[in-house]
1. Within the range 92-198, considering only strands (runs of 3 or more DSSP E) that don't extend past its boundaries, which have at least 2 residues that are of a type in the set (Val, Ile, Thr) and more than 30 Å from PRO424 (Cα to Cα)?
2. Conditions first: (1) modelled with pLDDT of 75 or more; (2) surrounded by fewer than 17 Cβ atoms within 10 Å (Cβ to Cβ); (3) farther than 30 Å from ILE152 by Cβ. VAL54 passes all but one, so which condition is the exception?
3. Kindly indicate the residue of the range 35-44 that is at pLDDT below 75 and over 41 Å from the mean Cα position of the chain (by Cα) and also farthest from PHE55 (Cα to Cα) among those meeting that condition.
4. Say we look at the range 176-196 and pick out the residues that are surrounded by fewer than 20 Cβ atoms within 10 Å (Cβ to Cβ) and among the polar types (S, T, N, Q); which of these is nearest to the chain's Cα centre (by Cα)?
5. So, restricting to strands (runs of 3 or more DSSP E) that lie completely within the range 269-320, which ones have at least 3 residues that are polar (S, T, N, Q) and modelled with pLDDT of 90 or more?
Amino acid sequence: MSRSSEIFTDVTMTIDLNKFQDEDEVCNMMLGRNVTKHNRHLEITGSFHEIENVFLKLQSLKSCPAAHLLNSDNRGPLYPTRTEPVKVDRMVMKYIDEKYSKELDKVRANSVSITRNCTRQGDIVDFISIKSTPGPECSNARERFITFYQKIATNLQVKTLPIKAPSSVTRFRDILEEELPRMVIGTEGGSLKLTGNYLDVMRAEQIISTHNPGKHVGNHHSNTSDVDGTSKGSRQSRNKASSSSPVKEQHKAKEEACPICLDEIKETERETLARCQHSFCRGCLKSAFDNKPACPVCGVLYGEVKGTQPRNGTMSISQSSVSLPGYEKHGTLVIKYDIPSGVQGDEHPSPGQRYWGASRTAYLPDSALGRKVLALLRRAFDQQLIFTIGTSSTTGMSDVVTWNDIHHKTSTHGGPTRYGYPDPDYLRRVQDELKAKGIY
């Protein structure tokens, strides 16, 4: 039983009959239920699940958009108590539960219950409103969760490090657990199995290398292959800070440890990022930038990020005179994406295997802000950031073209719960998502 049904044992919903083409059809649906009629309104009382089932049935009737169903106080629309579930990777969710439980609570925002069900096809995450008069909380929590989940999943690495003396495995595990609290550390025979973000894995490699002579498990100064399609030019976009510093600052800098290798930074090898002022060994930073042109500490981008979107897609724009809800003074910008099927490259999950393409249509208001967002989306598309290849969160199919953490409005109506308008906060949110990828 869901947490919502435990909290709300008696729920009342008011239905405005004026919103339906067939009033008799609505009344017949209420037969056998606890219903009171007040003029042109029906007031129905029942358990959480009974009211939820009535709501879902009413949605199927003509002229019954979700925004027309009033809540018990007649103060606004009654939104669905739940939204579309998301399929997730079990290993990633286990890591999030163990190391990011507080952050997950913020996604929940005290108004939505997030439950996870384990199935043979994978783990399914459900979002259920726990408010007596639900609003768009479920849809907003779902978007926050997807953004949060993909950020963790994209940077998550699993690596096995051999230990020269098997008897030292426990000692090394204790050292890493103290130094890297965000990392999950397991043992496999004479090795340590590490699960964590890119920076923590690099730190762990250096710690083991330093204390495990003869078993050099990683060279943090060596080049690494591109995992996100980053161009070589972007790796050169970082800048050194000015070398003219007060004597005290120079002395302090000499004692500073590199956040990646944890060794003291030699002045001849120091490289300081211009925008965030974080300093690293030059070799460590080059290795990190080969992976992604962003500060390994704070994530500030230095250069143009390239994604894993297939290169043979198209993005076309057309205009419509029909207005979107909430933007009645403006027309509509219609975006059509077409990504044909093809063969996966080295940057994709299954190189050499076929992937299935996708065609998507999205909508923006033809306003000044809408055109600004359109220009940002065009840049993101050109940098291969709009789509990726992975597992669909809706169908569960793998090796398909999917959205890549930049949310689009794929419907003109229905509000946030149906990926449509009105949604007055959407243009701000999508700009934040684009900014996180260096598009602003």
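The values are calculated or read from the model by the stated rules, or taken from the named source; none is laboratory data. Because the structure is a prediction, the values reported are computed rather than measured. Note: ideal-geometry Cβ built from the backbone for every residue, glycine included; neighbour counts use all protein chains shown.
1. On the way: elements: 112-119, 122-129, 156-162, 184-188, 191-197.
In the range 92-198, 156-162, 184-188 are the strands (runs of 3 or more DSSP E) which contain 2 or more residues that are of a type in the set (Val, Ile, Thr) and more than 30 Å from PRO424 (Cα to Cα).
2. For VAL54, the failing item is (2).
3. In the first step, residues of the range 35-44 are kept if they are at pLDDT below 75; the result is 37-41.
Right, trim to over 41 Å from the mean Cα position of the chain (by Cα) and you get 37-40.
On the way: LYS37: 17, HIS38: 19, ASN39: 20, ARG40: 18 Å.
Applying the filter and picking the extreme gives ASN39.
4. Per the stated criteria, the residue is THR187.
5. Output list reads 314-320.
One line per residue, one yes/no per condition, for (1) closer than 24 Å to LEU285 by Cα; (2) in contact with a Ser or Thr (Cβ under 6 Å, 6 or more places away or on another chain):
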{"site": "THR160", "(1), (2)": "yes, yes"}
{"site": "LYS164", "(1), (2)": "no, no"}
{"site": "ARG171", "(1), (2)": "no, no"}
{"site": "LEU176", "(1), (2)": "yes, no"}
{"site": "MET183", "(1), (2)": "yes, no"}
{"site": "GLY190", "(1), (2)": "no, no"}
{"site": "ASN197", "(1), (2)": "yes, no"}
{"site": "MET202", "(1), (2)": "yes, no"}
{"site": "THR210", "(1), (2)": "yes, no"}
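For (1) among the hydrophobic types (A, V, I, L, M, F, W, C); (2) free of Cβ contacts under 8 Å to residues at least 40 places away in the same chain; (3) out of contact with any His (no Cβ under 9 Å at 6 or more places or on another chain); (4) not assigned by TED's automatic domain parsing to the domain that holds ASN197, each residue gets a yes or a no:
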residue	(1), (2), (3), (4)
GLU271	no, yes, yes, yes
ARG275	no, yes, yes, yes
HIS278	no, yes, yes, yes
VAL300	yes, yes, no, yes
LYS306	no, no, yes, yes
